[in-house]
Amino acid sequence: MEATGTDEVEKIKSKFMSAWHNMKYSWVLKTKTYFSRNSPVFLLGKCYHFKTDESGELSTDGSNFDKINTEISGNVEEFRKDFISRIWLTYREEFPQIKGSALTTDCGWGCTLRTGQMLLAQGLMLHFLGRAWVWPDALDIDSSDSESWTAHTVKKLTASFEASLTAEREPKILSNHHRGTLKRNWDESERRNEVYHRKIISWFGDSPLTAFGLHQLIEYGKKSGKIAGDWYGPAVVAHILRKAVEEARDPELQGVTIYVAQDCTVYSSDVIDRQCSFMDSGEADTKAVIILVPVRLGGERTNMDYLEFVKGILSLEYCVGIIGGKPKQSYYFAGFQDDSLIYMDPHYCQSFVDVSIKDFPLESFHCPSPKKMSFKKMDPSCTIGFYCRTVQDFEKASEEITKMLKSSSKEKYPLFTFVKGHSRDYDFASSPLHEENDLFSEDEKKRLKRFSTEEFVLL
């Protein structure tokens, strides 16, 4: 009986946290983001120019498109469509209870897991859809959607407390901005892309059986001493994502692997070994690899000397973003303009979506408006991600990034390095691809514990 009472307290507490975060972040989502007309905007390797004869700033919500000439307006539309097409994964509430806890929401603690999911989702989008793909319905999510979220949040806050007082499950308040996917005459290629679009999102659904859902990630996190409700750092999340991809059983995912750099070093032979490992079918074939590099961009604060390197990384089309943030908050960085980083924020708490049903709504998985943050506010602890489809792509990327590291580094040592050979050649334990009894090797556990003490937390 006591346990039941504790569970009820936890549920009421989680409802309050969800309502509070929604009140707080809905105002942030409603706030317009302005971009300079005179500087290029980079988004995951793509460059957009908003330049006109007039100086000043430009809002990306469409409020002043009529003041811009047709050519530039088209470029702004392309940027908005590209940004909205990225997969946005946020706090959710009222999902199936997490094993070993009473939690049915990750509100207040799961932000770094969410930014890690967004990075992996971008890697899978590159793998299955390519960088040129954009969601045909992206511009149907317009500024009125985010405008309605604040009023919607007030309704949810009231409903949440009423439900808590009567010990009832929170009633569902349906917002008026959700619309079904527009029916159109798609050709075979468009239909295929839409199937993969939905499939990728479904892999991140918040239920125990989805490959990269919160429930699975938390299970893998337990092997590094983390439990549901704990705070996760970018390096720990990198290793959790690697294990999640290794353990994924969907045949579609057998052609992808993840490599996590060891102590800021990428060992080329270890990466190529992963790419050339046997598939579950027993046939030898090359796999695409997502390379994750946990780094620190300074000591207590981010060193501004690293700005040009970070901008260079986000200018690469095979970059899948950065798991980072500012102190106490995790963001998914996907681009930049001048000295400001463009990001997606996972802190808005949305209702659980059952991705197992046919034609589940997609709108809540796409962010209607980009946000900007000054680079100097960035927390130094982060994880950088790259995608390489083939061994040749990896070799080309390693050469290109090495040149970038050397040219941008004012220090004696670069931020991270690519080294030929295996990690075992340098007296490091080489972790096997699959371990029967434990998901993390002893060497990895030591590294994870060290990272865990260094990284920021969300309070």
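Packing around the peptides 255-263, 294-302, taken as the average count of other Cβ atoms within 10 Å per residue, puts them in this order, highest first: 255-263, 294-302.
Report, in listed order, any pair from K199/K403; K46/K396; K376/K420; K377/K406; K226/K420 with a Cα-Cα distance greater than 27 Å.
On the way: K199/K403 37 Å; K46/K396 19 Å; K376/K420 33 Å; K377/K406 24 Å; K226/K420 33 Å.
Over 27 Å apart, Cα to Cα: K199/K403; K376/K420; K226/K420.
If I stretch the segment between S268 and D339 completely, what's the gain in nm (0.36 nm per residue apart, minus their alpha carbon distance), one decimal?
Numbers: separation 71, 0.36 × 71 = 25.56 nm, distance 3.19 nm.
Value of the extension gain: 22.4 nm.
Note: relative contact order over region 282-392, using C-alpha pairs below 8 Å and six or more positions apart, is 45 percent.
Gain in length, C47 to W186, computed as 0.36 nm per residue apart minus the alpha-carbon separation, to one decimal in nm?
Numbers: separation 139, 0.36 × 139 = 50.04 nm, distance 2.79 nm.
Separation in residues times 0.36 nm, less the Cα-Cα distance, equals 47.2 nm.
Set the Förster distance to 45 Å, then compute FRET efficiency between R198 and R301 from the Cβ-Cβ distance, nearest 0.05. About 0.60, to the nearest 0.05. Could you estimate the translational diffusion coefficient of region 330-387 from the Stokes-Einstein equation, with Rh from the Kirkwood formula over C-alpha pairs, at 4 °C and 1.567 mPa s, in whole µm²/s? The diffusion coefficient I find is 94 µm²/s.
Specify whether the C-alpha gyration tensor of region 215-265 places it in the rounded, prolate or oblate class, a ≥ b ≥ c being the square roots of the eigenvalues: rounded for a/c under 1.5, otherwise prolate if a/b is larger than b/c and oblate if not. Oblate, because a/c is 1.5 or more while a/b does not exceed b/c.
No value in this document is a laboratory result; all are computed from the given coordinates. Bear in mind that the values here come from a model prediction, so they are computed numbers and not experimental data. In this analysis, Cβ positions are derived from the backbone assuming ideal geometry, glycine residues included, and neighbour counts consider all displayed protein chains.
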